[in-house]
Amino acid sequence: MTELQRILYRELYRKSFYEFVKAFWNTADPSKFVDGRLIKCYCEIFQYMCREWVGYTEIEIKLPEKTKDIEIIDIRQNKHNLCLAVPPRHTKSMIFNVFGPVWLWLSHPIKAVSISHTGALAAQMNSKRYSIINSDQFKLFFSDITLQTNTATFLKDSRGGELYSLNRNAFTGYGGDVIINDDLTNAESARKDQAEMANAWSYYQNTMPSRINDINKCIIMNIQQRLAPNDIIGHILNEPQLASTYAFVTLPAIFNKDTYIVCPISGDIVMFKKDEVLWPERFGDYSALRYQVGEAIFETQYLQKPVSSDRTVIKPDMIIEKDEVDVPELN
């Protein structure tokens, strides 16, 4: 590779998050990179949400005509925050939490924090970030970015950039320019314990807001699989003032109507027809997976239609207590 080629590729990777992910995937994950429309949409959504830090030149995009049978997902809404609902095992953590913060470092020594429901998952993401930054390929193009600190939860570079990966109970004392919340509730625990939902929302409502470095530039992302009506996205939707600060993107495993997703960086519009699947390159038509997990879980976590995590027939809110004098006699 000539010096000119190195400079041109460096600029390409800095300008396009999608190109960066494709080029550096093997430095973080030995498994084969499975591309697809989903990955392109992820990358363009992330890059647009981070426009305050990396810059953005608005382009004219002609949208299809909106009808009741068409869904248009367009995040160009001047919102600072993002709620993304997507099925499990659809590489959202790799794109948003592993590659995303590292790519932001190419333009700015940002302080990015990744929060998950377990410390082990958070540490795994930080380990993969380290693999990217420490790879020969990364050093070839970005030799100006060197690590000074490398721990299971914390990476710091020579310019002052900081990348944290923490569980939701360990965020106190830290701060961030970009906060990426990734599955704040454990799916299995949430189905058995309503306290898991309450604890996650307590973090989101009380702990997280106090950790923001700059309220005018901070970006909050909540990426998750839907678990129940009262999961994090459910709570946000139930508070109109809070919901007004978020762009919402819901990507079901199988689309129930023709859906157009606007890619704000390239100007492309990605289309999924009704009954088309989200990531056929990896999951085929989802029929085998649907059978394995069962219809209730598939509907909630894969189709993003949350049902109550309490599977009992009689729910607590169905029971209305009355004084004895108000109860009619039974004949």
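Laid out as a table, the results:
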| quantity | calculated |
| --- | --- |
| Pairs, first closer than 14 Å to Pro88 by Cβ in region 293-307, second of a type in the set (Asp, Glu), C-beta under 8 Å, six or more apart | Pro306/Asp231 |
| Residue match in region 18-25 (condition: at pLDDT 95 or above, closer than 24 Å to Ser131 by Cα, open to solvent by 50 Å² or more (accessible area, probe 1.4 Å) and not acidic (Asp, Glu)) | yes |
| Some residue of region 148-161 being in contact with a His (Cβ under 8 Å, 6 or more places away or on another chain), within 28 Å of Arg51 (Cβ to Cβ) and open to solvent by less than 20 Å² (accessible area, probe 1.4 Å) | yes |
| Residue in region 95-116 that is β-branched (Val, Ile, Thr) and open to solvent by 10 Å² or more (accessible area, probe 1.4 Å) present | no |
| Residues of region 272-284 satisfying the condition of being open to solvent by 60 Å² or more (accessible area, probe 1.4 Å) and modelled with pLDDT of 95 or more | Lys273, Lys274, Asp275 |
| Among (1) in contact (Cβ under 8 Å) with a residue 12 or more places away in the chain; (2) out of contact with any helix residue (DSSP H, G or I) (no Cβ under 8 Å at 6 or more places or on another chain); (3) assigned to a loop (DSSP other than H, G, I, E, B), the one test that Lys68 misses | (1) |
| Condition met for Ile110 (more than 30 Å from Ala228 (Cα to Cα), more than 11 Å from the chain's Cα centre (by Cα) and at pLDDT below 95) | yes |
| Residue satisfying condition, being modelled with pLDDT of 95 or more, surrounded by 18 or more Cβ atoms within 10 Å (Cβ to Cβ) and of a type outside the set (Gly, Ala, Ser), within set Ile219, Ile269, Ile261 | Ile261 |
| Number of the exception - Asn206 against (1) exposed (fewer than 13 other Cβ atoms within 10 Å of the Cβ); (2) farther than 27 Å from Tyr246 by Cα; (3) free of Cβ contacts under 8 Å to residues at least 24 places away in the same chain | (2) |
| Glu239 vs. criteria under 20 Å from Ala120 (Cα atoms) and either open to solvent by 20 Å² or more (accessible area, probe 1.4 Å) or of a type in the set (Lys, Arg) (or both) | no |
| Verdict on Ser143 being outside any helix (DSSP H, G or I), open to solvent by 10 Å² or more (accessible area, probe 1.4 Å) and in contact (Cβ under 8 Å) with a residue 24 or more places away in the chain | no |
| Some residue of region 77-94 being in a helix (DSSP H, G or I) and under 21 Å from Ser266 (Cβ atoms) | yes |
| Residue satisfying condition, being crowded, with 19+ Cβ neighbours inside 10 Å and hydroxyl-bearing (Ser, Thr, Tyr), within set Tyr56, Tyr9, Tyr48 | Tyr48 |
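Here's the yes/no breakdown for (1) in contact with a His (Cβ under 7 Å, 6 or more places away or on another chain); (2) assigned to a loop (DSSP other than H, G, I, E, B); (3) over 15 Å from Phe142 (Cβ atoms):
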| site | (1), (2), (3) |
| --- | --- |
| Tyr9 | no, no, no |
| Leu12 | no, no, no |
| Glu19 | no, no, no |
| Thr27 | no, no, no |
| Pro30 | no, yes, yes |
| Lys40 | no, no, yes |
| Cys43 | no, no, yes |
| Phe46 | no, no, yes |
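The values are calculated or read from the model by the stated rules, or taken from the named source; none is laboratory data. What you see is a predicted model; the values in this text were computed from it and never measured. Reconstructed Cβ throughout: ideal geometry from the backbone, glycine too, with neighbour counts over all protein chains shown. Surface areas here come from the heavy atoms of the whole protein model, side chains and all, with no ligands, DNA or RNA. Shrake-Rupley method; radii C 1.70, N 1.55, O 1.52, S 1.80 Å.
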